[in-house]
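The values are calculated or read from the model by the stated rules, or taken from the named source; none is laboratory data. Computed from a predicted model, the values in this text were never measured in an experiment. Cβ sites come from the backbone with ideal geometry, for glycine too, and all protein chains shown count toward neighbours. Protein only, heavy atoms only, side chains kept; ligands, DNA and RNA dropped before computing areas. Shrake-Rupley method; radii C 1.70, N 1.55, O 1.52, S 1.80 Å.
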Amino acid sequence: MSRQMLAIALAPLLGLFILGIGNGFLSTLITLRLDSAGESATMIGIVSSAYFIGLSLGAMFNDRLLLRIGHIRAYGSFASLVAVTVLLQGLVSDPWAWFALRLIGGWATVGVYLVIESWLLTSGDAKSRGRLLALYMISLYAAGVIGQLLLGVVSGMGETAPFMVIGMLASLSVLPMAMIPRVSPLIEHAEPLPPHRLIMLTPTGVMGSLGSGMVVAAAYSLLPLYLQRIGMSVTQVGQMMAVVILGAMLLQYPIGRWSDRHDRQMVLIAISAFCVLISAAMLWLPLSLGLLAVLLFLLGGGVFALYPVAVSHAADRAPAGALVRMSQGLLLINAIGSTVSPLMISPVMTVVGDDGLFWAFGGLSLAFVLFFAWRRSVRPAPIPVAPFTATTPMSAAGAELVVTEELVQGALEHEHLEDLSDAVPDVEVAEPIVGPPAEDESHVTYYDDDSDKKHTVSPQR
């Protein structure tokens with residue numbers, strides 16, 4: 001990556017890092033404060049869902065505002081609104097007021113991410129997207145880990161101190177963007193692939209994206225509740241949540257590279273089955289602090305890897321002309337899963353008890369195992385066309401960052417293997433000249449990014 005490109009990307013990445021530190025522990029803080037105030041798990045789930053509702057609405061509509069007023073002014077507006085909503089939460093304690101503030105805060109937060117991700121998208125060409133995305137991921141996860149570790153420190157400063165710190169960080173994140181001496185790049189209005197087209201194109205990708213949204217949202221919003229109710233202090237809860245995010249950061253790429261060399265559907269089955277085992281261990285093993293940390297580290301790696309592997313699986317089948325719209329559509333599916341998850345799982349915790357979180361985790365993961373196994377039995381999996389890309393996009397622009405030059409080239413080379421005209425009738429695709437791998441075909445080839453030799457794998461389903 002050139003120095004010029006790094007300089008262009010530095011300001012939005014620095015803004016992301018500063019904002020992300022505060023945003024990293026805000027959801028944990030809100031859950032713990034509501035629980036300490038005596039609110040039920042169901043009420044906590046309702047307030048938590050407001051944030052994800054705001055994220056979903058912002059992901060669909062914020063790009064229109066960005067196109068109208070420009071990147072820098074939009075960033076300042078969204079970041080200021082984040083700061084105001086957080087500071088107001090430090091002044092009022094009514095849960096329904098927090099619901100409204102979290103909804104607005106979620107809408108504003110995804111606006112910030114839209115600015116950052118779209119700036120990175122237009123900072124370089126398709127060849128450099130992978131490196132820009134890697135820097136983005138490092139900044140995002142590092143900020144999340146640091147934020148969780150700071151939770152106990154700032155909570156000890158006073159009742160309103162955490163909200164003040166988060167508000168200050170949101171305001172400070174404007175400075176790097178405000179000092180950029182250049183014109184805002186242009187972006188196009190996003191037009192995600194509709195859900196019914198996504199289901200025709202990649203049912204496995206849709207279920208993986210939906211399921212990932214459900215389990216990740218529950219981890220962020222309800223896992224702190226579980227940890228506090230089993231007797232952990234605020235500092236310990238922050239440390240355990242940092243372990244979850246660290247697991248997501250460190251394990252996502254190895255799991256993804258494993259999916260490059262194996263049937264991605266089998267990898268999705270394995271991830272889901274692994275989450276079932278982790279949930280069972282959380283329910284039935286005597287948990288020491290060390291064992292709990294290990295299990296949460298592994299859980300973070302599993303649940304956060306589900307979405308990027310599902311997107312990579314979907315990209316293996318999508319035609320080149322539909323890759324961007326498909327990625328944006330799967331992002332919205334993921335947001336829907338995040339929205340409904342706290343509303344579904346928190347009543348289970350109210351009825352069953354704190355262990356209801358892991359009964360729900362285990363039940364959802366088992367459902368994913370059965371669905372992915374069924375899909376593998378009825379449709380051969382596509383040939384992997386490009387290396388796995390670790391990603392956690394928040395906006396339509398971030399979803400487009402995933403579409404690298406290597407992925408587009410791979411899609412162009414392989415889209416003739418299947419007739420996709422019904423799934424994406426408005427996209428030009430190559431005429432199918434061969435069918436999918438035959439049932440009795442012992443091997444199929446797939447790309448190799450390390451040498452000029454072709455690897456072989458068993459036929460995929």
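Details
- Values of log10 I(q)/I(0), in the order q = 0.30, 0.33 Å⁻¹, for region 37-80 under a Debye, Cα-only, solvent-free model: -1.01, -1.07
- Applying Stokes-Einstein at 4 °C and 1.567 mPa s to the Kirkwood radius of region 208-361, computed over alpha-carbon pairs, gives a translational diffusion coefficient of 80 µm² s⁻¹.
- The mean accessible area for residues of region 225-275, using a 1.4 Å probe and ignoring ligands and nucleic acids, is 36 Å² per residue.
- Carbon plus sulfur fraction of accessible area for region 1-103, probe 1.4 Å, in percent: 67 percent
- When Asp354, Asp263, Asp94 are compared by accessible area of protein heavy atoms, the largest-first order is Asp94, Asp354, Asp263, using a 1.4 Å probe.
- Part-to-part distance (alpha-carbon centres) for region 34-65 and region 234-291, which is given in Å: 25 Å
- Spin-label pair Trp96/Ala373, simplified geometry with 7 Å Cα→Cβ offset, distance in nm: 4.6 nm
- √(5λ) per eigenvalue of the Cα gyration tensor, region 1-123, largest first, Å: 30, 15, 11
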